[in-house]
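Engineer: Once you've had a glance at the structure underneath, I'll fire off some questions.
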Amino acid sequence: MAHGAAHAHTRRTATEPHYRLRCQGCDALFEDDGFLLECPNRHEPALVVAEYRNTRFEPDAGVEGVFRYRRWLPGTRVLAGAGSGATYRSERLNRVLGLPGLWVAFNGYWPERGATLGTATFKELEVWPVLSRIPRPREQVLVVASAGNTAAAFARACSLNTIPCLIILPVAGAACLRFPDALHPCVKIVSLTGCADYSDAIALANRVARVDGFVAEGGVKNIAKREGLGTTVLNAVETIGRIPDYYFQSIGSGAGAIAVYDATMRLTRDGRFGRRPPRLVLSQNQPFVPVHRSWRAHRRELVEIDDEVGKNQIRQITAHVLSNRRPAYSVRGGVYDVLTGSGGDTRTADNLETLQAKRLFEEVEGIDIDPAGAVALATLIKTARYGGIDRRALILLNITGGGRRRQHRGTKLRAARVALEIDGKELQRDETLDRVVGLFR
Ligand SMILES: [Zn+2]
């Protein structure tokens, strides 16, 4: 990494970087070395944000997919294979819901609408900027912990661009790993069985990332990841012409919601699209709702959830991708701050409400959606029904995954090969770490 920093320095003299990083804890400014995840100064945990030289919102009309917004993305390279979601308004859906100002950000696979995310979820938006930001991505192994969708997106992108990648996920998420073609062998998948969940995957990934030659993808702390997710609202504002009044999304880590807030704040400084960020209405799937409980209790600290209770709740929710037990809630610039800054609120939906919303969307729009997207829709329906929203307001609903069945119709998908299975009881052993690292030696 020291070598990388020196190299970056010689390059900098040739071209000014198009962005710098700013710590939201102490306001320190940094040049990006492509790896920085947090501020080195000692203070309470804080996220870094990007400040771009170009303060005007200028999509690159010559580029399709997420790199269309590359002037407001960290990283420098444009990679092959990047798709995008699509923002659209459906008269039929809006009539059924009685919300004429509703727009859908469909982040999945629905080519007829212009949504071309090959893994059918918005997690794919984060992958391309993350890979674009790493200075020489083929020299280390990128380590990714995931509940499922992020894994699928990294696996596909790294396979397409032959970037070595280790993916660690709980066995429940392995169902997401289905692709039209076999993955390149530079991508290795480790599946955690037994009682292990997403948090266990994160813990193991952190241990592996400390080994020489491995580098952590970084999760919510990775600015490239958040900025990629934020392109959802850039795409929406490019389509609609102004910043929405409300933004509905279901959350796990909260990275997407934080990103949308940061991106709209940047748009407010441009000035042509509105002066305020949207009110964020963030939702979780009952009974696992730690962010909701913390926010409604007016707490900056996340409520404590006993390990066993948490795992038991996670087993009960239908939207498994929302099962993050350590969301970016309290951290400076995190979910608590963006809810506060936007005048936002939290909502919940249970499994039955989620299923009903899923069916409604499929009947009206003719496309399948993931449970996580249905959680957000269910909370929008309830909020509208009980008068919690001005019905003429401009609302953006993020359908964070959809079109899997649509994709199966056109393409035969096959399950990716799992390189190693680890039982939850073996996680702490040293030899477990050796076996994982050994996949790349
Ligand atoms: Zn700082």
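Engineer: Sequence-distant or interchain residues sharing an amide H contact under 5 Å with Arg332, placed H: which?
Structural biologist: Correct list: Ala46, Leu47.
Engineer: Next question. Placing +1 at every Lys and Arg Cβ and -1 at every Asp and Glu Cβ, with all other atoms neutral, what dipole size does the stretch 97-226 have around its Cα centre, in debye to the nearest 20? Each step should come with its number before you reach the end.
Structural biologist: Numbers: 13 positive and 9 negative charges, 52 e Å.
The calculation lands at about 260 debye.
Engineer: For q = 0.06, 0.10, 0.11 Å⁻¹, what log10 I(q)/I(0) does the chain give under the Debye formula with an equal point scatterer on each alpha carbon and no solvent?
Structural biologist: -0.23, -0.66, -0.81
Engineer: Heavy atoms only, probe 1.4 Å: what % of the accessible area of the stretch 31-158 goes to carbon and sulfur, would you let me know? Working shown, then result.
Structural biologist: Working: 2300 of 4940 Å².
Exposed carbon and sulfur together represent 47 percent of the surface.
Engineer: Further, regarding this structure: In Å², what does the accessible area per residue of the chain work out to with a 1.4 Å probe?
Structural biologist: Values: 18740 Å² over 441 residues.
For the chain, the solvent-accessible area averages 42 Å² per residue.
Engineer: Percent of alpha carbon pairs in the stretch 253-322 separated by more than 17 Å? Please report the intermediate quantities before stating the final value.
Structural biologist: On the way: 1343 of 2415 pairs.
For the stretch 253-322, the share of Cα pairs beyond 17 Å comes to 56 percent.
Engineer: GNM, the chain, Cα, under 10 Å: largest mean-square fluctuation among Val335, Val127, Val418?
Structural biologist: Among Val335, Val127, Val418, the largest GNM mean-square fluctuation belongs to Val418.
Engineer: Would you mind computing, in nm to one decimal, how far apart the modelled labels at Glu362 and Val78 are, each placed 7 Å from Cα along Cα→Cβ?
Structural biologist: Result: 3.8 nm between the two label points.
Engineer: Can you give me the P(r) profile for the stretch 22-62? Cα pairs, bins 10 angstrom wide beginning at 0, each as a whole percent.
Structural biologist: Reading upward from the zero bin: 25, 43, 23, 8, 1.
Engineer: Could I ask something else about it? Need one number for the stretch 309-441: average projected area of the convex hull over its C-alpha atoms, nm². Kindly include the intermediate steps, with their values, before the conclusion.
Structural biologist: On the way: hull surface 51.9 nm².
If I average the Cα hull's projected area over directions, I get 13.0 nm².
Engineer: Can you give me the long-range amide H partners of Ala115? Hydrogens built in the peptide plane at 1.01 Å from N, cutoff under 5 Å, separation of 5 or more residues or another chain.
Structural biologist: Trp110
Engineer: How large is ³J(HN,Hα), in whole Hz, for each residue of the stretch 253-267 in order, when computed from phi with the Karplus curve 6.51 cos²θ - 1.76 cosθ + 1.60 and θ = phi - 60°, using x for Gly and Pro?
Structural biologist: For the stretch 253-267, the Karplus-derived couplings read 6, x, 4, x, 5, 4, 5, 5, 5, 4, 5, 6, 4, 5, 5 Hz, x marking Gly and Pro.
Engineer: For Cys26 and Lys382, what does the FRET efficiency come to when R0 = 35 Å and r is the distance between their Cβ atoms, rounded to the nearest 0.05? Before the final figure, lay out each step's value.
Structural biologist: Values: r = 40 Å, r/R0 = 1.15.
E(calc), rounded to 0.05, equals 0.30.
Engineer: So, one more: Under the classification rounded if a/c is under 1.5, otherwise prolate if a/b is larger than b/c and oblate if not, where does the stretch 209-286 fall, given a ≥ b ≥ c as square roots of the Cα gyration tensor eigenvalues?
Structural biologist: Values: a/c = 3.14, a/b = 1.72, b/c = 1.83.
It comes out oblate by the Cα gyration axes.
Engineer: To continue, here is another question. Report, in debye and to the nearest 20, how large the dipole of the stretch 227-336 comes out about its Cα centre when Lys and Arg carry +1 and Asp and Glu carry -1 on their Cβ. Numbers along the way, then the final one.
Structural biologist: Values: 16 positive and 10 negative charges, 73 e Å.
Charge dipole of the stretch 227-336: 340 debye, to the nearest 20.
Engineer: Using a Förster distance of 45 Å, how high is the FRET efficiency between Arg315 and Ala61, based on the Cβ-Cβ distance and rounded to 0.05?
Structural biologist: Result of the calculation: an efficiency of 0.45.
Engineer: Under the Karplus relation 6.51 cos²θ - 1.76 cosθ + 1.60, θ = phi - 60°, what is the ordered set of whole-Hz ³J(HN,Hα) values for the stretch 308-325, x standing for Gly and Pro?
Structural biologist: Running phi through 6.51 cos²θ - 1.76 cosθ + 1.60 with θ = phi - 60° gives 5, 4, x, 4, 5, 5, 5, 5, 8, 7, 7, 8, 4, 5, 9, 9, 6, 8 Hz.
Engineer: What list of ³J(HN,Hα) couplings, whole Hz, do you get for the stretch 135-148 from phi and the Karplus terms 6.51, -1.76, 1.60, once you set θ to phi - 60° and write x for glycine and proline?
Structural biologist: Going residue by residue, I get x, 9, x, 8, 8, 10, 9, 7, 10, 10, 9, 8, 7, x Hz, with x marking Gly and Pro.
Engineer: May I have the pair-distance distribution P(r) for the stretch 284-373, computed from all Cα-Cα distances with 5 Å bins from 0 and rounded to whole percent?
Structural biologist: 2, 14, 21, 20, 18, 13, 8, 3, 0
The values are calculated or read from the model by the stated rules, or taken from the named source; none is laboratory data. Please read these numbers as outputs of a predicted model, since none were measured by experiment. Note that each Cβ is placed from the backbone with ideal geometry, even for glycine, and that neighbours are counted across all protein chains shown. Accessible surface areas use protein heavy atoms only, side chains included; no ligands, DNA or RNA. Shrake-Rupley method; radii C 1.70, N 1.55, O 1.52, S 1.80 Å.
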